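Since the structure comes first, as structure tokens, the remarks are kept for the end.
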Amino acid sequence: MTKKIAIGMFQTGRVRDSWKMPGRQDDPNFTDLGYWIDLARRCEAAGADFLFLADSYGYPTLGDAIIPTAIERNVQFSTVDAQMLVSALASATERLGIVTTVSTQVEAPPVITRQYRTLDHFSNGRVGWNIVTGSAQAASALLFGEPLMPHDDRYAKAADHVELSLKFWEGCWEDGALIRDGAAGIWADPSKVHEIVHDGPFFSTRGVLVTPPSPQVTPTLFQAGASTAGRDLAARYAEAVFLAAEAPTLAAQIADIRARAVGYGRAADDIKCLIAGTFRVADSRDEAEAAHRAAIEQISLEHAATLYAYFTGIDLLSLDLDRPIPASAAQGDNGRTNIERFLGPDAPTVREVLEEFRANGVMGKPFLGTPGEIADQAEAMIAATDADGFLVQPDPDGGHDLFFGRVMPELRRRGLLKDELPGATLREHLFGEGRRRLPDTHPGAAFRRSAARVPV
Ligand SMILES: Cc1cc2nc3c(=O)[nH]c(=O)nc-3n(C[C@H](O)[C@H](O)[C@H](O)COP(=O)(O)O)c2cc1C
């Protein structure tokens, strides 16, 4: 039987700079709520599993200064607060999953557990949290007036954050705690609502998540950030992970995440590995390649360098263009995925890294050609990497509709897509009907209260 893949839709990763692309179909006016509602409705009509909204407080800086190109060209600069969109999108759709990004560096567990629980109620169980330690952390740290925390400490903090969040979600309210007996005037059973006492390395608390359990209890947990520490966090807690690289790197990353998950007592297929890629569809391969080249022409080297600085804090234009990134520059405490990706014996030169970022940004090579060619490439990618699906970034010229109208039908014809999204919740869309809650193999399940369980 053909493996059924998951399809998540990126908000148009280049929403921030697609405003200047000629001939686009979308009008990606990201300050207009109607744009987002329309996009969510189209994702739902096409049968996508979820819409993904990226977010970060960071923007491109070098040292302590904003890079002017970021402002001038809107390179990872202006955006809106994605979390604010979710209620509106949930109310405009019925089945579509909605995944948003919140960094564990910025908002504390009492804030985000309440937010996601509320949104899980409002969406009837369709929300997911993309757990990140955050891109452009140097800028974010300056913004919040905090020192830049060393990279691996940020991941240790993320683990503490997720542990505490899971305690709030899974450990506060026992099943049956909510009574809502209006006649008797009883809201909930105090013996079944538990205080969380947590004294971790980064977060301490004594308190209760006051919002009662939502359909998924814990939102579906995503993770992005493929550094070694990031993959380890994914292996411990994530139910789905976003990865972007070329096939051999992806295959190694996916194998590593699955092996680590098994090491943590989880099943290898408890994590859906989703490849983030750009899709450019046309009537012929030549046409698609020409359009891709034309799009690259619009991106200057300064733009590419600014994008790279956003993810890594490294100024490529200050380095020797004909040598690989030197070890001294590769030590930074910003994100590490896009540093580690370009190290090693076959490391490209700085010039090649710049060209790669110009052409593809953080994504791997695009999937391009006719719908049939793209489906061939997608199938080959799944076979080569053991991935479970895609996070699709449609090219800004064609927009989402070209992907929905031409590529999705071809994937469906080949039996790669689910006929219908199973279940009502996002977790069921990804794992099958009936799996509304975290499985027992997930560490969060250990925080559930029952007579037999020790206090959290
Ligand atoms: C498809 C995809 C989407 C991502 N979305 C976000 C995002 O919305 N916000 C964010 O801070 N990081 C996001 N990341 C992760 C960052 O690229 C970055 O790697 C991470 O935040 C820092 O972790 P690292 O040190 O492990 O690289 C995304 C990564 C991928 C592959």
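The values are calculated or read from the model by the stated rules, or taken from the named source; none is laboratory data. A quick note: this is a predicted structure, and the numbers were derived from the prediction, not measured. Every residue, glycine among them, receives a Cβ derived from its backbone with ideal geometry; neighbour counts consider all protein chains shown. Note: accessible area is taken over every heavy atom of the protein model, side chains too, but ligands, DNA and RNA are not part of it. Shrake-Rupley method; radii C 1.70, N 1.55, O 1.52, S 1.80 Å.
Descriptive notes on the structure:
- Principal-axis tilt of helix 371-385 within the chain, Cα atoms, nearest 10 degrees: 60 degrees
- Under 10 Å, Cβ to Cβ, from residue 211 - net charge with Lys/Arg +1 and Asp/Glu -1: +1
- Shape index of the range 71-111: Rg/Rh, with Rg the Cα radius of gyration and Rh the Kirkwood radius from the inverse mean 1/r over Cα pairs, equals 1.07.
- Here the range 373-456 is described by how far its Cα atoms reach on the three principal axes: 56, 28, 26 Å, from widest to narrowest.
- For the chain, DSSP calls about 20 percent of its internal beta bridges antiparallel.
- Space enclosed by the convex hull of the alpha-carbon atoms of the range 303-380, per residue, Å³: 106 Å³
- On Cα atoms only, tilt of 33-46 relative to the major axis of the chain in degrees: 90 degrees
- Under 20 Å, Cα to Cα: Lys pairs in the chain, sequence gap 8 or more or different chains: 7
- Of the accessible area of the chain, computed with a 1.4 Å probe over protein heavy atoms only, carbon and sulfur atoms account for 53 percent.
- Residues of the range 166-269: accessible area per residue with a 1.4 Å probe, Å²: 40 Å²
- Helix 285-297 axis, angle to the chain major axis (alpha carbon atoms, nearest 10°): 90 degrees
- Cubic angstrom per residue, convex hull over Cα atoms of the chain: 149 Å³
- Counting Cα-Cα pairs of the range 314-456 in 10 Å increments starting at 0 gives whole-percent bin shares of 9, 24, 23, 24, 16, 4, 0.
- Intensity falloff of the range 222-326 expressed as log10 I(q)/I(0), Debye formula with alpha-carbon point scatterers, at q = 0.15 Å⁻¹: -0.84
- Our summary gives the chain a relative contact order of 22 percent, counting only alpha carbon pairs under 8 angstrom and 6 or more residues apart.
- Value of Rg/Rh across the range 49-130 [Cα atoms, Kirkwood radius]: 1.06
- Distance from the alpha carbon centroid of the range 312-359 to that of the range 390-440 works out to 34 angstrom.
- Around residue 8: net Lys/Arg minus Asp/Glu count, Cβ-Cβ under 11 Å: -1
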